[in-house]
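Bear in mind these aren't lab numbers, they're just calculated from the coordinates by the rules spelled out. On a predicted model such as this, the values are computed, not experimentally measured, just so you know. In this analysis, Cβ positions are derived from the backbone assuming ideal geometry, glycine residues included, and neighbour counts consider all displayed protein chains.
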Amino acid sequence: MIKKILILVIGLCSISANAGLKFTPIQLYINEETRQRSATITLESTGITDSKIFEVSAVKWTRNEKGEDIFEKDNNILINPKNFVIKPESKQVVRIGFSQPIANMNLKNEQAWRVFFTEVAPVVDKNAVKFLFNVSVPLFVGKQDELKLNIQPDYKNNELFLNIKNNSNSHVQITKLTLLNEKKEEVVSKSDMRYMFSGEGYSFNMGNISSVDLQKYKLEVTTDKNSSPVEVEIKGE
């Protein structure tokens, strides 16, 4: 029996496998304003010695009330090519999209999918150990809204939790939170990558922090919406 080890890479801020596989870009967007129908992603191989076989598939991506990811098969997504072989020191471009412009789909809100690149196991010696890659890239379809976050602090057992809600009409990926005092000095920093769909909330544990007047503090938020961190007030609605 072939020994296989599956390496899953999903939701990273950069997707570059140790074996020399690089995916660009790391997020896909199809915008209705430009009458787009598709987006492209490039898989580049550098430093690998053997060709690799990949299958590409896409699923609709939503979440339930518990914040758990829900993946559903969607036959409306067009993928070209669905299967390919990437050789050492080469590139492969894959196009993902729809048969009609996004503007014609009458989307009320941004929709999301996950595009999976699954490596197919080759025929190898039965005692060999084979590392296989399963890479997931998000696809966001529809208008992108500006960043709108509501932040409510909450102390539990001497730990500070920041309850953050995404009030925009599109997703946001929070990659880093930095709490600054009134002197703009860093109090604590937390790298906790999290996608939040429109209307979703999530509680970020900032750790053991003494109870202070957080109204005087600022939160520096790093997201996929801005090239540099933005400062957000810590207060309720």
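HN-Hα J couplings of the stretch 130-137 from phi, Karplus 6.51/-1.76/1.60, θ = phi - 60°, integer Hz, Gly and Pro as x?
With the stated coefficients, the stretch 130-137 comes to 10, 8, 10, 10, 10, 10, 10, 10 Hz.
Quick check: convex hull over the Cα atoms of the stretch 149-233, volume per residue in Å³, rounded to an integer?
Measuring per residue, one finds 82 Å³ for the Cα hull of the stretch 149-233.
Each residue of the stretch 141-151 in turn: what ³J(HN,Hα) in whole Hz from Karplus with 6.51, -1.76, 1.60 and θ = phi - 60°, glycine and Pro shown as x?
Residue by residue, the stretch 141-151 yields 10, x, 5, 9, 8, 6, 5, 9, 10, 10, 10 Hz.
What's the extension gain from residue 184 to residue 147 if we count 0.36 nm per residue and subtract their Cα-Cα distance?
Extending this stretch completely gives an extra 11.2 nm.
Considering only Cα-Cα distances, which of the following residue pairs are longer than 27 Å: 148/184; 60/143; 60/82; 60/87; 87/130; 66/218?
As for pairs spanning more than 27 Å Cα to Cα, those are 60/87; 66/218.
For labels at residue 203 and residue 24 in the simple 7 Å Cα→Cβ model, what's the distance in nm?
4.2 nm
Arrange the peptides 53-59, 171-177, 215-221 so that the one whose residues have, on average, the most other Cβ atoms within 10 Å appears first.
Top of the packing list down: 171-177, 53-59, 215-221.
Each residue of the stretch 215-222 in turn: what ³J(HN,Hα) in whole Hz from Karplus with 6.51, -1.76, 1.60 and θ = phi - 60°, glycine and Pro shown as x?
Computed from phi, the couplings for the stretch 215-222 are 5, 8, 9, 10, 10, 8, 10, 9 Hz.
Please list, ordered by chain and number, the residues whose modelled amide H lies under 5 Å from the amide H of residue 130; skip anything fewer than 5 residues away on the same chain.
For residue 130, whose amide H was placed from the backbone, the distant partners under 5 Å are 3, 4, 5.
Which one, 206, 193, 105, has the greatest fluctuation when you compute a Gaussian network model over the chain with C-alpha springs under 10 angstrom?
105
Report the Cα centroid-to-centroid distance between the stretch 99-165 and the stretch 38-67 in angstrom, as an integer.
What the calculation gives is 11 Å, centre to centre.
With label points built 7 Å along Cα→Cβ from the Cα atoms of residue 84 and residue 167, find their separation and express it in nm.
Placing both labels 7 Å beyond Cα along the Cβ direction yields 4.3 nm.
Just grab the label-to-label distance for residue 228 and residue 91, each label 7 Å out from Cα along the Cβ direction, in nm (one decimal).
Spacing of the two 7 Å Cα→Cβ label points: 3.0 nm.
Please work out how much length the chain gains when fully extended from residue 64 to residue 213, using 0.36 nm per residue of separation minus the C-alpha to C-alpha distance, in nm with one decimal.
Working: separation 149, 0.36 × 149 = 53.64 nm, distance 3.45 nm.
Length difference between fully extended and current span is 50.2 nm.
Give me the three principal axis extents of the chain from the C-alpha atoms, as integers in angstrom, largest value leading.
62, 48, 31
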